[in-house]
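The values are calculated or read from the model by the stated rules, or taken from the named source; none is laboratory data. Because the structure is a prediction, the values reported are computed rather than measured. Reconstructed Cβ throughout: ideal geometry from the backbone, glycine too, with neighbour counts over all protein chains shown.
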Amino acid sequence: MKTNLPDMNETARANRLHIALLGITNAGKSSLINALTEQELALVSPVKGTTTDPVYKAMELFPLGPVVFIDTAGLDDASELGELRKKKTFEVLQKTDLAILVLDASVGVTAFDREILQHLKGKKILALGVLNKIDLLSAGQSETAKAAPVIQAKAAAIAKELDLKIIPVSTETGQGVRELRAFLGQLALPEAEERLLVADLLHAGEIGVLVTPIDASAPKGRLILPQQQTLREMLDHQIIAVVCQDSYLKDTLAKLSEQPRLVITDAQVFQKVNADTPAHIPLTAFSILFARYKGDLKELVKGARTVEKLQDGDKVLIAEACTHHRQDDDIGTVKIPNWLRQKTGKQLIFEHASGYSFPDNLSEYALIVHCAGCMLNRRAMLYRLHQAQAAGIPIVNYGVLIAYLHGILERALEPFPELFQ
């Protein structure tokens with residue numbers, strides 16, 4: 001039976017390698033993403049500016065693994081709307097693990113292509129060039145073999161000019177597409193190396209207890225992504241997972257014949273779970289696991305310790321990577337602001353950002369409080385951390401902050417001895 005519930009076998013977009021297709025308008029980016037995915041995903045038209053907002057398509061690219069291709073708008077649109085499209089395209093670079101620069105063989109290298117490359121080099125993003133529309137280079141040639149030297153010479157000249165690997169393709173005829181897909185599949189990207197969320201903290205056969213409260217904010221019929229991803233990784237590594245609500249934690253622990261190696265809780269009930277978990281059993285939170293998995297746990301811990309320096313009138317930015325229907329006791333808009341006011345005794349000003357938007361100017365804030373970032377890939381989360389560091393603004397995530405505000409941060413960090421080395 002088909003349902004609209006997420007498949008636990010399906011890799012979430014945030015955990016896929018992000019491959020962005022960039023280039024001028026009508027270079028064939030949309031045609032290329034259709035060819036690579038073998039689907040009519042992106043709208044293709046000879047009219048310039050057909051692609052507006054970035055288009056995402058997830059697929060398995062063997063043997064590289066799960067990836068998401070991102071089709072972007074052309075960067076040579078000089079209109080007012082084109083500038084907005086250009087901004088959207090450059091925002092994609094914040095999460096891009098590999099960039100494919102799509103060049104139009106009938107046009108050659110443009111100033112816009114060189115500008116894109118400079119941005120990629122500045123952000124240290126691995127880039128690959130694709131020379132598209134090579135069928136136009138062979139126009140008038142009766143045999144494909146006769147056109148090959150012309151195509152190879154053109155590709156070699158561009159590769160030398162840009163100091164970039166160039167793969168010639170034609171999305172019109174399909175020539176070179178299979179070779180491009182195979183080349184991508186064989187890439188050894190650092191981001192493709194497996195990062196462990198929890199399986200380095202427990203071993204096969206050990207017990208981990210997951211505390212997942214089901215309250216008004218819990219999505220109907222499913223676990224939230226951090227809980228789902230943690231559970232799946234434990235199962236993948238033959239770790240015994242016991243799942244319960246916070247109200248049954250005491251009973252659950254009492255019924256276990258063997259002591260759990262670790263208790264992992266939703267941060268919203270950190271205080272209660274801390275009280276119900278014996279001191280000799282290690283305890284942490286899903287969002288603290290994600291702080292280490294997606295970002296820089298040490299930096300976020302440093303951010304938590306600056307809370308005591310907040311003064312009356314200071315602005316605090318609360319940023320969430322997703323959008324959701326907010327309940328009366330919402331964690332970001334209600335609970336955390338209240339806990340911060342209680343802890344500091346100060347009159348603080350709270351501002352909020354949600355989704356993929358993140359303020360360009362962070363200098364007006366005294367502290368940034370970020371969610372676990374489960375909807376962001378690691379590069380995007382690190383980009384936000386680097387933005388905060390560059391602006392000299394401390395940043396902390398929900399789980400680390402909540403543990404600090406409730407006086408249990410040291411206990412919540414015990415599973416991570418590398419922090420104290």
>> For segment 198-256, which positions are within 20 Å of residue 267 (Cα to Cα), among the β-branched types (Val, Ile, Thr) and surrounded by 20 or more Cβ atoms within 10 Å (Cβ to Cβ)?
In response: 198, 209, 211, 212, 230
> So which residues in segment 365-383 are β-branched (Val, Ile, Thr) and without any contact (Cβ under 8 Å) to a residue 60 or more places away in the chain, if there are any at all?
Replying inline: 369
>> Looking only at segment 98-128, how many residues end up being within 22 Å of residue 169 (Cα to Cα) and charged (D, E, K, R)?
In response: 3
> Quick one: is residue 362 in contact (Cβ under 8 Å) with a residue 60 or more places away in the chain and either on the phi < 0 side of the Ramachandran plot or of a type in the set (Val, Ile, Thr) (or both)?
Replying inline: no
> Residues that are touching an Asp or Glu at 6+ places or on another chain (Cβ under 6 Å): which strands (runs of 3 or more DSSP E) entirely in segment 282-395 hold 1 or more of them?
Replying inline: 315-320, 349-354
> What single numbered condition from (1) under 20 Å from the mean Cα position of the chain (by Cα); (2) not in a helix (DSSP H, G or I) fails to hold for residue 259?
Replying inline: (1)
> Which of the following residues is within 25 Å of the chain's Cα centre (by Cα), at pLDDT 90 or above and assigned to a helix (DSSP H, G or I): 84, 21, 32?
Replying inline: 32
> Would you pick out the residues in segment 274-284 that are more than 29 Å from the chain's Cα centre (by Cα) and buried (at least 18 other Cβ atoms within 10 Å of the Cβ)?
Replying inline: 274, 276, 277
> Here are some residues: 63, 46. Which one is assigned to a loop (DSSP other than H, G, I, E, B) and modelled with pLDDT of 75 or more?
Replying inline: 63
> Going by the structure shown, is residue 329 without any contact (Cβ under 8 Å) to a residue 40 or more places away in the chain and of a type in the set (Asp, Glu)?
Replying inline: no
>> Would you confirm whether or not segment 373-386 contains a residue that is closer than 22 Å to residue 313 by Cβ and charged (D, E, K, R)?
In response: no
>> Among the residues of segment 103-124, are any within 27 Å of residue 379 (Cα to Cα) and modelled with pLDDT of 95 or more?
In response: yes
> Just for segment 384-407: of the residues that are surrounded by fewer than 19 Cβ atoms within 10 Å (Cβ to Cβ) and in contact (Cβ under 8 Å) with a residue 40 or more places away in the chain, which one is nearest to residue 289 (Cα to Cα)?
Replying inline: 406
> Filtering segment 96-124 down to residues that are polar (S, T, N, Q) and in contact (Cβ under 8 Å) with a residue 12 or more places away in the chain, which residue is surrounded by the fewest Cβ atoms within 10 Å (Cβ to Cβ)?
Replying inline: 106
> Do the conditions hold for residue 216, that is, is it modelled with pLDDT of 95 or more and not in a helix (DSSP H, G or I)?
Replying inline: no
